[in-house]
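Novice: Below is one structure. I have some questions about it.
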Amino acid sequence: MEVGNRIFLERELPDKEIIEGFKSLPAANVADCMSRLCALSSEIRLISSPSSFNMVGPALTVKCRPGDNLMLHKALDIAEEGDIIVVANCGCRTHALMGMIMATYAQSTKKIGGIVLDGPIRDYKEISQMDFHLYATGSTPNGPYKEGPGEVNVPISIGEVAIMPGDIILGDEDGVIVIPKNDAREILQKAIEYAKKDSAKLEAAKNGTSNRSWVDETLRLKNAEIIKGRHVY
């Protein structure tokens, strides 16, 4: 087995009903149930214009050499409907990982759930108008090489978060979070209840019934000094 130049065709996948359960939840609510340590860097942002509420599906992970997308092409070939292709690019920002042709193939032929790139795209105008979930760091005219090596369906790290093949990827206009597949059922149950409480907080913010006493109580516990007067320069 040649480490660094291999493709695994199988993954451990979460139950489909768990994936379905996350489709009505904002990424922010779920992230709050994971100690707010699960979101990819804000540098990786939504480029396209999807009509669906969010992007949810199992991760098909790709590790590319900087500026190269050979393994991304292979991932597209083996991807199943609903998969989220997630690409680590060693932080490279000088070459696009894909353009309009690949994005169209992913959406129309493969019908995958979305793509998350730790690198730029090209054909920005066309991709930005697609009804599809595509996240990237920006755009550049420089295209990629197709030489390899790289890996598919191995552990990767992008946006300062580790991702295992089959982890649940959830994205919306706020960004992308990673839900470990082995914890997903418990996280889903917590997130559903949290979303209900969050809706109640929003309604209280609208009608003026918000309870703000926690602010002063927290400041008191932190020994903050509140001074009646103004600062003297």
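Novice: Over all directions, the average projected area of the alpha-carbon convex hull for the range 5-184 comes to how many nm²?
Specialist: Projected over every direction and averaged, the Cα hull of the range 5-184 covers 8.7 nm².
Novice: Another one. Where both residues lie in the chain, what percent of DSSP beta bridges are antiparallel, nearest 5?
Specialist: Approximately 55 percent, going by the DSSP bridge assignments.
Novice: Give me the dipole magnitude in Debye, nearest 20, for the chain about the Cα centre, with unit charges on the beta carbon: positive for Lys and Arg, negative for Asp and Glu.
Specialist: 740
Novice: Right, another one. In the range 64-141, what chymotrypsin sites (Phe, Trp or Tyr not before Pro) fall in a loop by DSSP, with at most 15 other Cβ atoms inside 10 Å?
Specialist: Loop-located and lightly packed - none at all.
Novice: Using Cα positions and a limit of under 28 Å, work out the lysines in reach of K196, with same-chain residues fewer than 8 apart set aside.
Specialist: K196 reaches K16, K23, K181, K206.
Novice: Once each part is reduced to its C-alpha centroid, what is the distance from the range 159-225 to the range 3-26 in angstrom?
Specialist: So the two Cα centres are separated by 22 Å.
Novice: Just to be sure I follow the definition: excluding the sites themselves, where is the longest run in the chain that has none of the trypsin sites (Lys or Arg not before Pro) in a DSSP loop with at most 14 other Cβ atoms within 10 Å?
Specialist: Counting only loop sites that pass the neighbour cut-off, the longest clear stretch is 37-110.
Novice: Related question: Taking 0.36 nm per intervening residue step and subtracting the Cα-Cα distance, what contour gain separates Y233 from T140 on full extension?
Specialist: Between Y233 and T140, full extension yields 28.6 nm more.
Novice: Another question, if that's okay. Computed FRET efficiency, Cβ-Cβ of K111 and K222, R0 45 Å: what is it to the nearest 0.05?
Specialist: For K111 and K222, the calculated efficiency is 0.35.
Novice: Report, to the nearest 10°, how far helix 184-207 tilts away from the longest principal axis of the Cα atoms in the chain, using its own Cα long axis and a range of 0 to 90°.
Specialist: 50
Novice: How large is the helix-only mean residue ellipticity at 222 nm for the chain, computed as the sum of -39500 (n - 2.57) over DSSP H runs with n ≥ 4, divided by its residue count, in deg cm²/dmol to the nearest 500?
Specialist: -8000 deg cm²/dmol
All of the numbers you see were taken from the coordinates with simple rules; none came from a lab. The structure presented is a predicted model; accordingly, all values stated were derived computationally and were not measured. Neighbour counts run over all protein chains shown; Cβ positions are idealised from the backbone, glycine included.
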